[in-house]
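Let me begin by presenting the structure, written as structure tokens, before commenting on it.
No lab work stands behind these numbers, since they all come straight from the coordinates. Just so we're clear, the structure is a prediction, and the values are computed from it rather than from any experiment. With ideal geometry, Cβ positions are generated from the backbone for all residues, glycine too; neighbour counts draw on all protein chains shown.
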Amino acid sequence: MRMVDLIEKKRDGLALTKEEIDFIISGYTNGDIPDYQMSAFAMAIFFQDMTADERAYLTMAMAESGDQIDLSGIEGVKVDKHSTGGVGDKTTIALAPLVASVGVPVAKMSGRGLGHTGGTIDKLESIAGFNVEIPTERFLELVNKNKLAVVGQTANLTPADKKLYGLRDVTATVNSIPLIASSIMSKKIASGANAIVLDVKTGSGAFMKELEQSKELAEAMVEIGNNLGRQTMAVISDMNQPLGWAVGNALEVKEAIDMLRGEGPDDLRELCLTLGSHMVFLAKQATSVADARQKLEEAISSGKALDTLKTFISAQNGDPSVVDNPQLLPTAQFQIEVKAEENGHVASIVADRIGTAAMVLGAGRATKESDIDLSVGIVLKKKMGESVQAGETLAILHANKEDVQEVIDRVIKAYHISPDPVAKPTLIYEEIH
Ligand code: URA
């Protein structure tokens, strides 16, 4: 086989076979196929798209390009959740113990944050002592024992995707549905899940800004998962404002704990209950999605979900007393109010801008090497649909420096205030099966 012939075939809109796609991905991973040929191939896919079979072959080839996690030693249906990324998205921290508390085994591999979106691992590390570097054997043992463990991503997960994503970033080929869908799904497949629930974000703070695009991506991923024998469904959820109130590592952990206690913001609770009921149903721990939701609501009101969180934290050497005493989490030195400059109604809160403002405070990494400050961040006091008077508090900055004028300006710019009343936004747009 010659790469040039395969580029030509894709350029002309023909479908590649499994053997051809395997040849490309293994050749690219081991360095036999150079970047310039792979760039041409990515651009051919960008213009010619891929068939459902080609997308599944590409996903599998990338999943098999490095380590694959074998979860067969864990009893039960292993359901993974993936979010396409948003600001203030602390869902995993609340959702994982919530579904584990009703019997769903959660063997979660998570990453660190880069840029304005935070990573679950960073957030969990704001709990004193919490350790995510546990050997695979111990990881599996903990999931069997407590139904829940979280580890940091192994370095050699889907190396083909890592290399190709880097190349796409500099060849204007990121924004391609078959390439995005296979990239995300290859990591989920390599992480060993039997079933997958996807949270595809839509709106100004999401990777996909338009609902139609988000729907197309969700459908593509659901099709790939199901074609590869993993039961997969997607929920399309709103990212026209950050999720919940808190943005920043320790602040988000506190909010997740509040949610499991039955408090906290409504949107976070609703998203966790929606995603969670599908996870519980796919894991065969409920007779219907409605039954699953009832079980989850009971786990919150009985305190069972909170107990699972404590057990999970202790098992990974963290201090479980943060659950009853969230003031033990790292706290910032200063709390600075951001005041509204005009009267009106909150029409949107551009999530990326809030994320970037939190990053400037030190909550996020500008580069992979940056250190982050786990205590800092932003707590929103006004969300979409609420009315606001000039001089009222829009948000509170939790900072370790007093000179935060740049951050205040960024937060004010993130808020769009309309003179007319604004309806509360839809949280869940659609479910894709
Ligand atoms: N996230 C991924 O993991 N891959 C993409 O291609 C885009 C977003």
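Odds and ends about this structure:
- Spread of Cα-to-Cα distances over 10 Å intervals beginning at zero, given as percent, for the stretch 258-297: 35, 48, 17
- Only helices enter the 222 nm calculation for the chain: every DSSP H run of n ≥ 4 contributes -39,500 (n - 2.57), and dividing by all residues gives -13500 deg cm²/dmol, rounded to 500.
- Taken over the alpha carbons of the stretch 331-418 as equal point scatterers, the Debye sum produces base-10 log I(q)/I(0) values at 0.13, 0.18, 0.21 Å⁻¹ of -0.40, -0.72, -0.94.
- With the simple spin-label model, which puts each label point 7 Å out from Cα in the Cβ direction, the Asn317 to Glu137 separation comes to 1.7 nm.
- Förster radius 45 Å - calculated FRET efficiency between Thr393 and Val174 (Cβ-Cβ, nearest 0.05): 0.75
- Rg and Dmax [Cα atoms of the stretch 3-48; Å; Rg one decimal, Dmax integer]: 9.7, 27
- Structure note, pairs Lys209/Lys368; Lys201/Lys382; Lys215/Lys284; Lys162/Lys310; Lys123/Lys187; Lys147/Lys381: Cα-Cα distances above 31 angstrom occur for Lys162/Lys310; Lys147/Lys381.
- Two-site label geometry, Ala155 and Ser302: point separation in nm, points 7 Å out along Cα→Cβ: 4.4 nm
- Distribution of pairwise C-alpha distances over the stretch 23-112, 10 Å bins, in %: 12, 30, 29, 23, 6, 0
- On the principal axes of its alpha-carbon atoms, the stretch 133-265 has extents of 42, 38, 29 Å, going from largest to smallest.
- Amide proton proximity set for Lys81, modelled H, under 5 Å, gap of 5+: Val197
- With Cα atoms as the point set, the stretch 79-324 shows a radius of gyration and Dmax of 17.0, 52 Å.
- Average silhouette area of the chain, convex hull of alpha-carbon atoms, in square nanometres: 20.4 nm²
- Dimensions of the stretch 71-155 based on its C-alpha atoms, expressed as ranges along the principal axes with the largest first, amount to 36, 24, 24 Å.
- Amide H to amide H, with H built 1.01 Å from N, Ala246 comes under 5 Å of Leu380, counting only residues 5 or more places away or on other chains.
- Nonlocal amide H pairs with Lys201, under 5 Å, H built at 1.01 Å: Thr84, Gly85, Ser237
- Loop-located GluC sites (Glu not before Pro) in the stretch 249-279 whose Cβ has at most 13 other Cβ within 10 Å (DSSP): Glu263
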